[in-house]
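**Student:** Below is the structure I would like to discuss, written out as structure tokens.
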Amino acid sequence: MILFDQTKSIKGLATQGHRLAALIGQLEASLRAISEEGRVALASSLSAEDMVLTDVVARLGLNVDIFTLQTGRLHPDTVAMIARTEARYGLSIHQFEPEAEALAEIVATYGLNGFYESLEARKACCDVRKLKPLGRALRGYHGWITGQRREQSLTRTQLEEHEEDTAHDLVKYNPLAAWAWTDVLAYAEQFQVPLNPLHARGYVSIGCDPCTRAIRLGEHARDGRWWWENADSKECGLHQNNHNKETIA
């Protein structure tokens with residue numbers, strides 16, 4: 001049973017400005033079209049962007065599956081968002097975990113927190129905890145939807161709304177590519193979208209607990225991710241497309 005009121009629309013958004021109303025109208029149309037192109041899934045990190053997309057999917061009753069990568073190192077507040085989101089919208093979020101044998105191997109090789117010591121160790125950890133589970137999560141789908149935005153990082157400034165995901169031979173959709181962080185927050189306020197409590201504590205980009213921190217005044221949003229690394233390397237490999245030629249060690 002869908003617990004969310006699907007009759008709510010963008011009417012009455014004049015107080016939020018014409019920009020937001022236009023963005024939401026475009027987003028709704030885009031997600032409707034995407035959901036009709038084939039079997040698609042939304043990859044959710046339970047961050048504000050993905051909660052906005054979840055809200056639209058539920059509000060419009062779209063045929064879109066939702067999954068998250070349960071890495072085993074997520075912040076407790078992020079884990080709690082899974083049940084909270086399911087209860088709010090009356091849907092199921094499928095969780096994909098790393099394989100136990102591969103996980104034991106990287107811990108034995110690099111240590112539990114070896115990712116602080118080298119880029120090689122960090123990418124190996126991301127590979128086992130995120131990339132491999134993503135591959136399993138995407139099996140059988142025509143395409144997948146992400147909450148990526150161009151302003152999020154240096155590696156995403158050329159982000160396209162539709163991409164060919166050559167790593168998985170799928171179409172990747174980034175319908176929030178042109179959205180600003182303020183747009184995301186405005187939508188969340190307008191539609192009373194439940195947000196990860198970490199956002200209120202200064203976290204803008206949310207990932208695994210040991211690799212994510214709150215940003216300081218004047219810092220870029222991505223400064224809270226892998227803060228010990230150079231800015232141009234701050235990707236885990238989930239989004240290695242035409243605009244981002246990053247290779248995974």
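The values are calculated or read from the model by the stated rules, or taken from the named source; none is laboratory data. Keep in mind the model is a prediction, meaning the values are calculated, not measured. Here the Cβ is made from the backbone with ideal geometry for all residues, glycine too, and neighbour counts use every protein chain on show.
**Student:** Residue under question is Arg122, and the condition is that it be surrounded by fewer than 20 Cβ atoms within 10 Å (Cβ to Cβ) and assigned to a helix (DSSP H, G or I); does it hold? Steps first, please.
**Tutor:** On the way: surrounded by fewer than 20 Cβ atoms within 10 Å (Cβ to Cβ): no; assigned to a helix (DSSP H, G or I): yes.
Spelling it out, it is not the case that Arg122 is surrounded by fewer than 20 Cβ atoms within 10 Å (Cβ to Cβ) and assigned to a helix (DSSP H, G or I).
**Student:** Could I ask something else about it? For Tyr203, state whether it is free of Cβ contacts under 8 Å to residues at least 60 places away in the same chain and within 17 Å of the chain's Cα centre (by Cα).
**Tutor:** yes
**Student:** Can I ask one more? Given the criteria surrounded by fewer than 20 Cβ atoms within 10 Å (Cβ to Cβ), under 29 Å from Gly38 (Cβ atoms) and touching a Gly at 6+ places or on another chain (Cβ under 6 Å), does Leu176 qualify?
**Tutor:** no
**Student:** Being over 15 Å from the mean Cα position of the chain (by Cα) and under 22 Å from Ala221 (Cβ atoms) is the requirement here; does Leu154 meet it?
**Tutor:** Values: over 15 Å from the mean Cα position of the chain (by Cα): yes; under 22 Å from Ala221 (Cβ atoms): yes.
Yes; evaluated as a whole, the condition is true for this residue.
**Student:** If the requirement is being among the polar types (S, T, N, Q), part of a loop (DSSP other than H, G, I, E, B) and crowded, with 18+ Cβ neighbours inside 10 Å, which of these qualifies: Gln158, Gln148?
**Tutor:** Gln148
**Student:** Only one of (1) assigned to a loop (DSSP other than H, G, I, E, B); (2) modelled with pLDDT of 95 or more; (3) hydrophobic (A, V, I, L, M, F, W, C); (4) in contact with a Phe, Trp or Tyr (Cβ under 9 Å, 6 or more places away or on another chain) fails for Leu46. Which number is that?
**Tutor:** (4)
Here's the yes/no breakdown for (1) assigned to a loop (DSSP other than H, G, I, E, B); (2) surrounded by fewer than 18 Cβ atoms within 10 Å (Cβ to Cβ); (3) among the acidic types (Asp, Glu); (4) modelled with pLDDT under 95:
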{"site": "Ala14", "(1), (2), (3), (4)": "no, yes, no, yes"}
{"site": "Gln26", "(1), (2), (3), (4)": "no, yes, no, no"}
{"site": "Ala29", "(1), (2), (3), (4)": "no, yes, no, no"}
{"site": "Asp50", "(1), (2), (3), (4)": "no, no, yes, no"}
{"site": "Ile66", "(1), (2), (3), (4)": "no, no, no, no"}
{"site": "Thr71", "(1), (2), (3), (4)": "yes, no, no, no"}
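Per-residue answers, yes or no, for (1) in a loop (DSSP other than H, G, I, E, B); (2) buried (at least 19 other Cβ atoms within 10 Å of the Cβ); (3) modelled with pLDDT of 85 or more:
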| position | (1), (2), (3) |
| --- | --- |
| Leu198 | no, yes, yes |
| Ile206 | yes, yes, yes |
| Gly218 | yes, no, no |
| Trp227 | yes, no, no |
| Cys236 | yes, yes, no |
| Gln240 | yes, no, no |
| Glu246 | yes, no, no |
| Ala249 | yes, no, no |
